[in-house]
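Notes follow the structure.
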Amino acid sequence: MTRFILRRLGFLTLTVLLTSLLVFLVTQWLPGDVCRIILGREAGQGAIETCRLELGLDQPLPIQYLNWLGDFLTGDWGISFSTNLPIYPIVMDRMGNSLMLALVALLISVPLGVALGIIAGLNENKPIDSTINVGSLSVVGLPEFVTGLVLIQVFSFGLRDLGLPYFPANSSIPPDANFLEALPMLILPALTAMLVLLAYIARLTRSGVIEELKQPYVRTADLKGLPRRTVIVKHVLRNALLPTITIIAISTGWLISGLVVIENVFNYPGLGRLMIFAIDRRDLPLLQAVTMVTVLGFALANLGADLLYGLLNPRIRLE
Amino acid sequence: MIAPYEENEILASQARQPPSAEHWFGTDNLGRDVFSRVILGSREILVLAGLGTLLAVICGTLFGLLTGYRGGWFDEVAMRTFDSLLALPALLLALLLLGTVGQSKYSVLIVLVIVYTPIVARVVRSVVLAVKPQGFVEAARLGGETQTRILLREIMPSVLPTLSVESALRFSYAIFLVASLGFLGVGVQPPSPNWGLMVKEARTFASLLPWALFFPAAAISIVVIGVNLMADGVKRVIGPEQAD
């Protein structure tokens, strides 16, 4: 097991390092002269030279990368171009918000998605399966900004017009709100994320269940006279649900992309909105930091799933 | 041809009109005909997503065939590069690239190719690796066939079914991505009739001019669901063993 963990950790570090190199090249080297961007087109040559010296841009590219990486690892993420504030606290604050939203979304979608997937898989090609299948195909296809706007229309404006209690359409939670105060504002964005995840998790769980049902051991269990219930719960589900862990890890990728859009639909102060803000203002240091944090989060989610999978399925460890 | 007006034609006297016989989907706050914009917007989203997918499939197939067949350091370098690209979810990679290289229709196209090439390459490579050790490939090599001929005549036929499933899937994701980028206001710039961008612009006037919001949103939904069902159909026809 230790070797397995170490190998996974090594692989993770390598990927993250390579991605950090990519992020560095894309944000630092591709756009041209950063000093020209900060100081504007009219800046004199002298000012540009001083700025380049200050930011260490006169050094060779590999040294610049190592410096940048070192700064990043020590939490020195620099000053945002557009707000002149240190980046680290802003990003950490927003990350907390995004994590909170992601957690609420996962907590609703995973059990529901797995349940729907099991129901569909056990009833393969029956009407209930087709219904779940077509339903999830349609929902998985809808962009988050469409489902989000529909939810706002129904559960915010619709309920309000009927004079009923309604959910807020704008989820810009104040910085010092605690979880309970923020919860009503979290519901609609989390539901939107759920619609995306639910379909995805349900479809993959379904194919896992169908795959397991075909295995010889299921027939053996059936033939030796075990009740169908026992066969399904003790044999099929145990094996079929193992890949669900991987599915949840893969769907964090979807969740991250989805959250970027959802946060912008609902004005939710998370990393996704911060990223669009950074792009709008061409705030490259901020964009770098947001991207790196996301890469790390995504990689850690995958690592976690790998380890959990290895822990539960000894066959993987021996590979 | 179908659209009665130009996409950006401003009919100042007819701004903010609800749907009618003359303006089927109404007009927006500037007086642009929403029906014409939705129709002409379909051209942009389909061409952009289609061309992006096509180029990504071509590049990805080339990389996949070569890395899978030749192996060695080229394979190693290409795969590690692709790994690092795939360590970011597609939308984030697209945003990162568009945020730095500047925003236009063409950069969106390039970004689509960069985002999807690694995925296609990986899929193709895995098929090549499975086919390569088989007898007929070995026979062709010993028979003195050139590498290009082996790749195209011997290996490519095995790649095609998986590749068509993958292409259909990529196309549906590409439409999704182009629309989402439009909504985020990154990439394609106003006054382009990108459906996502139209939704973003119409949100400001949602309570006043709901039709300007509804029709582009409905158009995206219909196209995306349609393409998804098509991709699912392709997958079913070609065979469940290629589904994963």
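The values are calculated or read from the model by the stated rules, or taken from the named source; none is laboratory data. In this text the structure is predicted, and so the values were computed from the model without any measurement. Every residue, glycine among them, receives a Cβ derived from its backbone with ideal geometry; neighbour counts consider all protein chains shown. Heavy atoms of the whole protein, side chains included, go into the accessibility calculation; ligands, DNA and RNA do not. Shrake-Rupley method; radii C 1.70, N 1.55, O 1.52, S 1.80 Å.
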*Which order do B:GLU138, A:GLU54 take when ranked by solvent-accessible area (1.4 Å probe, heavy atoms of all protein chains), largest first?*
A:GLU54, B:GLU138
_Test item: B:78-91 mean partner chain Cβ contacts at 10 Å_ = 6
_the protein assembly as shown, dipole about Cα centre (Lys/Arg Cβ +1, Asp/Glu Cβ -1), debye to the nearest 20_ = 1740
_For the ranges B:229-237, B:183-191, A:255-263, what's the packing order if you count other beta-carbon atoms within 10 Å of each residue, average per peptide, and put the highest first?_
A:255-263, B:183-191, B:229-237
*Solvent accessible area, Å² - B:ARG153, 1.4 Å probe, full protein context*: 140
*Run the numbers on chain A and let me know its relative contact order in percent, using alpha-carbon pairs under 8 Å that are six or more apart.*
25
*Given the protein chains as shown and a 1.4 Å probe, how many square angstrom of B:GLU166 are accessible, to the nearest 10?*
20
*Given labels modelled 7 Å from the Cα in the Cβ direction, how far is it in nm from A:ARG8 to A:GLN153?*
4.4
*Heavy atoms only, probe 1.4 Å: what % of the accessible area of chain B goes to carbon and sulfur, would you let me know?*
66
*Between A:ASN125 and A:ASN267, what is the label-to-label distance in nm when each label sits 7 Å out along the Cα-to-Cβ direction?*
5.2
*By per-residue mean of other Cβ atoms within 10 Å, what is the highest-first order of B:99-108, B:68-77?*
B:99-108, B:68-77
*Sorted by accessible area (1.4 Å probe), largest first, how do A:TYR268, A:TYR166, A:TYR65 line up?*
A:TYR166, A:TYR65, A:TYR268
*asked:* For a Förster distance of 56 Å, can you work out the FRET efficiency between the beta-carbons of A:THR50 and A:LEU308, rounded to the nearest 0.05?
replied: 0.60
*For the Cα atoms of chain B, what angle does the longest principal axis make with the long axis of helix B:72-86, in degrees from 0 to 90, nearest 10?*
20
_Stretch gain in nm, segment B:LEU30-B:SER207, where the contour uses 0.36 nm per residue and the Cα spacing is subtracted_ = 62.1 nm
*What average number of partner chain Cβ atoms lie no more than 10 Å from the Cβ of the residues making up B:184-190?*
3
*Would you please report the Å³ per residue occupied by the convex hull of the alpha carbon atoms in region B:167-244?*
90
*Here are some pairs, A:LYS126/B:LYS132; A:LYS224/B:LYS235; B:LYS132/B:LYS235; which of them have Cα atoms lying more than 32 Å apart in this structure?*
A:LYS126/B:LYS132; A:LYS224/B:LYS235
_Average other protein chain Cβ within 10 Å of Cβ, residues A:255-267_ = 3
*A:ARG228 - accessible surface, heavy atoms, 1.4 Å probe, Å² rounded to 10*: 120
*Which peptide among A:171-181, B:211-221, B:49-59 comes first, and what is the full order, when sorted by highest mean count of other Cβ atoms within 10 Å?*
B:211-221, B:49-59, A:171-181
*Between region A:213-239 and region A:138-187, what is the C-alpha centre distance in whole Å?*
43
*Please report, to one decimal in angstroms, the Kirkwood hydrodynamic radius of region A:2-60 built from all distinct Cα-Cα pairs.*
13.9
*Tell me, what is the Rg over Rh of region A:89-318, with Rh the Kirkwood radius over Cα pairs?*
1.05
*asked:* Just to be sure I understand the model, the point goes 7 Å from the Cα along the line to the Cβ. What's the resulting A:ASP93 to A:LEU242 distance in nm?
replied: 4.6
*Please tell me the relative contact order of chain B in percent, rounded to the nearest whole number, where contacts are Cα pairs under 8 Å and at least six residues apart.*
23
*Report the semi-axes of the equivalent ellipsoid for chain B in whole Å, largest first, where each axis is √(5λ) for an eigenvalue λ of the Cα gyration tensor.*
44, 18, 13
_What does the buried accessible surface come to for A and B, summed over both chains, with the probe at 1.4 Å? Round to 100 Å²._
3500
*Hey, if we sort B:LEU62, B:LEU112, B:LEU142, A:LEU61 by accessible area with the 1.4 Å probe, largest down, what's the order?*
B:LEU142, B:LEU62, A:LEU61, B:LEU112
*Charge tally in the Cβ shell below 15 Å around B:GLU6, where Lys, Arg are +1 and Asp, Glu are -1, B:GLU6 excluded*: -2
